[in-house]
2 protein chains.
Amino acid sequence: MRCYEDFSVGEVVEAGPVLVTAEDIKAFAAQFDPQPMHLDGAAVQNAIVGGLLASGLHVVCLNMRLLVDAFIRDTGSMGSPGVEEVRYLAPVRAGDSLAMRLEVTGLRPSASRADIGFLKFTSEMRNASGTPVMRMTATLIFPRRDAAAATGTA
Amino acid sequence: MRCYEDFSVGEVVEAGPVLVTAEDIKAFAAQFDPQPMHLDGAAVQNAIVGGLLASGLHVVCLNMRLLVDAFIRDTGSMGSPGVEEVRYLAPVRAGDSLAMRLEVTGLRPSASRADIGFLKFTSEMRNASGTPVMRMTATLIFPRRDAAAATGTA
């Protein structure tokens, strides 16, 4: 199980693609983001771009799923203190296939706890044309190997 | 329909509460964040805190839903360029009821388009004890009234 010491700045993880259907877009929107542009593209007159568009938060959720499957699984991840930034860069439409490219951008030990460290990453979702549609920077918490070994949790 | 000119810095919107059940937590996790701490609290040994915990992203999604229902609906919202920050502040567990408090923190016209403006807000989700569990800052795009009237979209 990977601990804080097992990661390096510059490590790249690629995952996907995941297909986004109209049904996916509308189901997510109905639950969490029921704006007309995400529910029924034909009804929308006032959006920046027309047609049925995936919620930006839906794209973040799809990125999270790829992140868990391709990166967090089989690590000692202990959660996250938060997200530094999310940028919505291009529309996501029904039929788009999105692939993730993640890069580890920072590693720092906790100042207050000897047993954990923080990993910062930037993750981008790109459509089949290679156009980035969403980019986010966030932080994950990992156990430090020595501390984990000492307490028998790794 | 509210346009950019209709908002003021300092405007506060409160919404909710929304109950979070164990089924909600597990269903969200199964789809978007299948980490053990969100799927089966009993299995978790290595989290910062023990037990079944809602995914932080789930809490962001619940905030989004309250935001749409209580604030974005009946406005001319044209989407969002992104999220400035998300902080996960305290665990969310099955049975928690979360209420939203949003405050408009900034308004600025677009430098490149005369017909839109940007509204920045900070939104906090609090549990029944009043403890903040998540705080986010994000931006929304609204039409400017003069431009909207000129093009007949408001």
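Brief remarks on what is shown
- Taking the label point 7 Å along Cα→Cβ, B:G95 and its counterparts in the other copies are spaced 5.0 nm apart, in ascending order.
- Taking A:M1, B:M125, A:M100 and counting other C-beta atoms within 10 Å, the order from fewest to most: A:M1, A:M100, B:M125
- The stretch B:7-69: translational diffusion in µm²/s, Stokes-Einstein, Kirkwood Rh over Cα pairs, 37 °C, 0.692 mPa s: 250
- Counting charges near B:A22 (Lys, Arg +1; Asp, Glu -1) among other residues having Cβ under 12 Å from its Cβ returns a value of -2.
- Taking amide H atoms as placed 1.01 Å from N in the peptide plane, the amide H of B:G82 lies under 5 Å from those of A:Y88, B:T139, each 5 or more residues away in sequence or on another chain.
- Percent RCO, i.e. relative contact order, over the stretch B:4-151, from Cα pairs under 8 Å lying at least 6 residues apart: 30
- Folded to 0 to 90 degrees: helix B:22-32 orientation relative to chain B principal axis, Cα: 70
- With R₀ fixed at 30 Å, the C-beta to C-beta distance from B:R2 to B:S110 puts the FRET efficiency at about 0.95.
- For A:K26, a cut-off of 12 angstrom between C-alpha atoms picks up these aspartates and glutamates, skipping any fewer than 8 places away in its own chain: A:D40.
- The value given for chain B is a Kirkwood hydrodynamic radius of 16.8 Å, derived from the mean inverse Cα-Cα separation.
- Note on the protein assembly as shown: Cα-Cα pairs beyond 33 Å make up 25% of the total pair count.
- Comparing A:R87, A:R126, A:R113 in a Gaussian network model of chain A, where Cα atoms under 10 Å apart are tied by springs, the biggest mean-square fluctuation is seen for A:R113.
- Couplings 3J(HN,Hα) for the stretch B:64-79, derived from phi with the Karplus relation 6.51 cos²θ - 1.76 cosθ + 1.60 (θ = phi - 60°), are 4, 4, 5, 4, 5, 5, 9, 9, 6, 4, 6, 10, x, 3, 10, x Hz, where x marks Gly and Pro.
- Shortest first, A:D69 label-point distances to identical copies amount to 3.1 nm, with the label point at 7 Å from Cα along Cα→Cβ.
Bear in mind that the values in this text are calculations on the coordinates, not laboratory data. The shown structure was predicted, so the numbers you read here are calculated from the model rather than taken from an experiment. Don't worry about glycine lacking a Cβ; one is built from the backbone with ideal geometry, like all the others, and counts go over all protein chains shown.
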